[in-house]
Amino acid sequence: MTNLPAEFRPRVRFAPSPTGFLHVGSARTFIFNWLFARHNNGTMILRIDDTDVERNTDASLASIFEGLQWLNLNWDEQYKQSERLNLHRQMAEAILKKGLAYRDFTPAHAGDTERSGATWLFDPGMRDLSQAESDRRAAAGEPFALRFRVPRESDREIRFTDAVYGDQAKSTADIEDFALLRSDGMPTYHLASCADDADLRITHVIRGQDHLSNTFKHILIFDAAGAPLPQFAHLPLLVAPDGTKLSKRRHGPVVSVTTYRDAGFLPEAFINFLCLLGWSPKNDREQMTRQELVEAFSLEAINRSNTVVNFKEKESVERAPSPAAFDSQAVETPGAATPYPEETFDPKALWLNAEHIRALPIDALSARLLPVVRAAGYHVDPNKMQRITPLIRERIKLLRDVLTAADLFFVDELPPYDPAELIPQKGDATLALKVLNRARDLLAHTEFTHHALDSTLRAAAQELAIKPGQMFQPVRVAVCGRKNAPPLFETLEVLGRERTLARIEKAILKLQ
Ligand code: GLU
């Protein structure tokens, strides 16, 4: 990490608009800003871009904080644009004073912002209104929007070098006289964003590629206000497997951060996954801790091409709740049963999650699994969970998988299973019965330790002149209800004598 003198340390911001739930793309933008700040000993700022009053919702604001809290990401300073309107208006005023903006009294434009495809000159009459006339009409209380006077004298190019996308240029002929203030006096995104970036001394604007083209307007504003330009770095677009831009409307819950939380992702694994969306660390490693990510991060290693988030689109579209059904408060419990099948998630995200799960110490993993188990209605004490955890941690990809991998420890009664499963390879029901009867008799007295259980059942196999596997399988199915289960002796140890014997007894009845 670099240790720059304070005046050279970067100041970056994440500036979400509270108009929807926290999108994976926004979370990635936060994380890249955060990594850049932490790598360079800089300052991370959270700025809520809430000047679009009609579209802001409290639920959205809550969802942003909820997502960031889950990811356990911190920031050093926090602002709300709606509390800084004076600052925005001052900048507009200063630009107007310099003659670089003009009042547009055209009622048709009142309240609207730029329309794409419209020509730059909304109303030449307004741009050319004399200063005296403009002042007179404003003083008379006539409403107006304030527009930037984009230079038209000669065909000028606005240029900048993006840290990711390289040299950019656009002719001023292609930039309309965009609004700075709307006729209701509210600043537009362009004005508010630049005024705040300048005031907060933002050194690096790291944001989604969809803002690349806005940057030309922003450069005009910074220049007009006499503010130094930050370095711009735009992040590649996140797209669905079919190449369309990842959007909540089209792709549903897979784009919402809380979906990953509720399905049982570990925040550190999810962050790791987001980092690999558009950033290729030089060390070519994939699984990394937060600290390793901070150490490895650089803007130079961000790619330009669109990044595909892989998921089964059809599934998630079908299951997408309607926007009205969205309620950020609805699912509080991590890992609680969710309707999202595994294919909802990028295989790399699942793989990383499994890796991060295995990297956790047993007690830490156990502490993460316990709330998931309890939320499903099982009463399991922390000690028991600590004993179960090592038996299943190799077998789960999502925290919620604990419910299927370890259910046999949580229930009194096993769910129904096919008695044919109890029959060992190259054996029949008679052999299965023989095995289970012998196991029941022996396990009534054997010490329930791994070693004693192992040698007792092996000796029984020898005594019955069968292979150890033929001995173990009926016992495994009897106590677990299936063949695919955690290691047998450890499982018996955790289950204990009483439950083991009761389940074997039940299996015997099933076979008779
Ligand atoms: N509020 C804008 C957004 O959510 C911020 C863009 C920017 O970072 O300038 O897209």
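Remind me, relative contact order of the chain in percent, using alpha carbon pairs under 8 angstrom and six or more residues apart? Don't jump to the answer; show the numbers that get you there.
Working: 794 pairs, mean separation 61.2, N = 512.
Relative contact order for the chain comes out at 12 percent.
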How much of the accessible area of the chain, probe 1.4 Å, is carbon plus sulfur, in whole percent? 51
What's the angle, to the nearest 10 degrees (0 to 90), between helix 468-480's Cα axis and the longest principal axis of the chain? 60
In terms of the Cα gyration tensor, with a ≥ b ≥ c the square roots of its eigenvalues, is segment 29-84 rounded because a/c is under 1.5, prolate because a/b exceeds b/c, or oblate? oblate
So what is the accessible area of the chain per residue, in Å², with the probe set to 1.4 Å? 45
Rounded to whole angstroms and listed largest first, the alpha-carbon spread of segment 392-458 along its three principal axes comes to 38, 29, 24
Anything over 19 Å Cα to Cα? Flag those among LYS170/LYS245; LYS282/LYS312; LYS245/LYS312; LYS80/LYS217, in the order listed. LYS170/LYS245; LYS282/LYS312; LYS80/LYS217
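Classify the chain as rounded, prolate or oblate, taking a ≥ b ≥ c as the square roots of the eigenvalues of its Cα gyration tensor: rounded when a/c is under 1.5, otherwise prolate if a/b is larger than b/c and oblate if not. Please list the in-between numbers first.
Values: a/c = 3.50, a/b = 2.95, b/c = 1.19.
Taking the square roots of the gyration eigenvalues as a ≥ b ≥ c, the chain is prolate.
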Using the charge dipole of segment 1-115 (Lys, Arg: +1 at Cβ; Asp, Glu: -1 at Cβ; taken about the Cα centre), state which of PRO5, THR51, HIS39 has its Cα farthest towards the positive end. PRO5
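From the square roots a ≥ b ≥ c of the eigenvalues of the alpha-carbon gyration tensor of segment 422-496, which class results: rounded (a/c under 1.5), prolate (a/b over b/c), or oblate?
oblate
So what's the net charge close to PHE232: Lys and Arg +1, Asp and Glu -1, counting the other residues with Cβ under 10 Å from its Cβ? Intermediate values should be presented prior to the final figure.
Values: positive: ARG207; negative: ASP162.
Here the count lands on 0.
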Return one number: the angle in degrees, 0 to 90 and rounded to the nearest 10, between the long axis of the Cα atoms of helix 347-359 and the longest principal axis of the Cα atoms of the chain. 60
Helix 214-225 sits at what angle to the longest principal axis of the chain, using alpha carbons and giving 0 to 90 degrees rounded to 10? 50
Near LYS467, which lysines are there with a Cα under 18 Å away, not counting those fewer than 8 places off in the same chain? LYS426, LYS434, LYS483
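The values are calculated or read from the model by the stated rules, or taken from the named source; none is laboratory data. All values reported here derive from a predicted model rather than from experimental measurement. In this analysis, Cβ positions are derived from the backbone assuming ideal geometry, glycine residues included, and neighbour counts consider all displayed protein chains. Heads up: the accessible areas ignore ligands, DNA and RNA and are worked out on the full protein's heavy atoms, side chains in. Shrake-Rupley method; radii C 1.70, N 1.55, O 1.52, S 1.80 Å.
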